[in-house]
Amino acid sequence: MTLQMNWSRATTLLQRLGSVIGLVLLFIVLSVMSPDFLTTGNLLTVLRQVSINALIAFGMTFVILAGGIDLSVGAILAFTGAITAGLMAAGHGMVLSIGAGLGLGLILGMINGVLVSWGRVAPFIATLGTLTLLRGLTLSYTQGSPIPVSNPGFALIGGGYVANLVPLPVIWMFIAFAVCGFLLRGTVFGRHVVAIGGNEEAARLSGVRIAPMKLAIYGLSGLLSAFAGIVLTSRLYSAQATAGAGYELDAIAAVVLGGTSLAGGRGWLFGTLIGALLIGFLNNGLNLLGVSSFYQQVVKGIVILIAVLLDRRQ
């Protein structure tokens, strides 16, 4: 029995380290194949690009750990970014506009939670519906045109640097990672998230209030998506009606590549960060090597399929 438990722990550890080993191997291969890869400028550029996906993926980790899925994160990003930019263009202050954007993201996420918990709609269907709804609302609000933002203070959120070197979005990413990591590992909330994903009925019988928990989990996902939308809007100096398209798939891919089970109840936030970095550096490496964007999608799809198959093997 002891030998079996040790083998199980060793297998779990190896599975968790798989994404880290993959990232190290990717670094070695790309460093050899492209002299431009391992430069400070290139690495920081990739980290800045990865930060948006990572912010969304952190929220997605909580949702998947609880046994759900959230397809609306990209649409929430676009809609809240447009509302924030629209309020600022109308003359409202930066703090009020950002607060409204974040609050709206939280509410939209909680609506997903209501649909899933009290409405008993499958998470895939519920969030697919809100994705479509929010895409339509964003196009209607923006009339399909970008909303420019000229506030210099707001531009710093996504375009500023620390010590003229490290992009601010990278700092936001690591702050969000620290906060979410504490929520997951250091609080009762995090333990309940894992318990719900492991066995929802057992968690309910143990006293976990399932419906309010799902409300909070999807609300957190919406809040982080809204923050990612504000950072992206700031970086681009405008809100784009089509922003965030496909981001939900990249976020799910980062979570799965990081070792979190799609069945819920098992995973870690550090793995999600590694998964997001893996996707970002893979895209960057393929660009540096001059690989066609068509084949880049093929390569990324193969990597994700391998990760899903490994997850199913567990």
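The values are calculated or read from the model by the stated rules, or taken from the named source; none is laboratory data. Fair warning: this is a prediction, and the values are worked out from it, not measured in the lab. Every residue, glycine as well, gets a Cβ built from its backbone with ideal geometry; the counts of neighbours run over all protein chains shown. Surface accessibility is based on the protein's heavy atoms, side chains included, excluding ligands, DNA and RNA. Shrake-Rupley method; radii C 1.70, N 1.55, O 1.52, S 1.80 Å.
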Spin-label pair Tyr237/Val114, simplified geometry with 7 Å Cα→Cβ offset, distance in nm
3.9 nm
Taking only DSSP H segments of four or more residues, each worth -39500 (n - 2.57), what value at 222 nm results for the chain once the sum is divided by all its residues, to the nearest 500 deg cm²/dmol?
-26000 deg cm²/dmol
Identify the residues of segment 133-157 with backbone N under 18 Å of a label point that sits 7 angstrom from the Cα of Phe174 along the Cα-to-Cβ direction, or state none.
157
Of the heavy-atom accessible surface of the chain (probe 1.4 angstrom), what whole percent is carbon and sulfur?
69 percent
Given backbone amide H placed at 1.01 Å from N, residues whose amide H is under 5 Å from that of Tyr161, ignoring those fewer than 5 places away on the same chain, are Leu168
Mean Cβ count within 10 Å, highest first, over the residues of peptides 220-233, 254-267:
220-233, 254-267
Please work out the FRET efficiency for the pair Tyr161 and Val24, using the Cβ-Cβ distance as r and a Förster radius of 22 Å; give the result to the nearest 0.05.
0.20
Order of exposure, largest accessible area first, which applies to Asp70, Asp250 with probe 1.4 Å:
Asp250, Asp70
Leaving out ligands and nucleic acids, and using a 1.4 Å probe, what accessible area per residue does the chain come to in Å²?
47 Å²
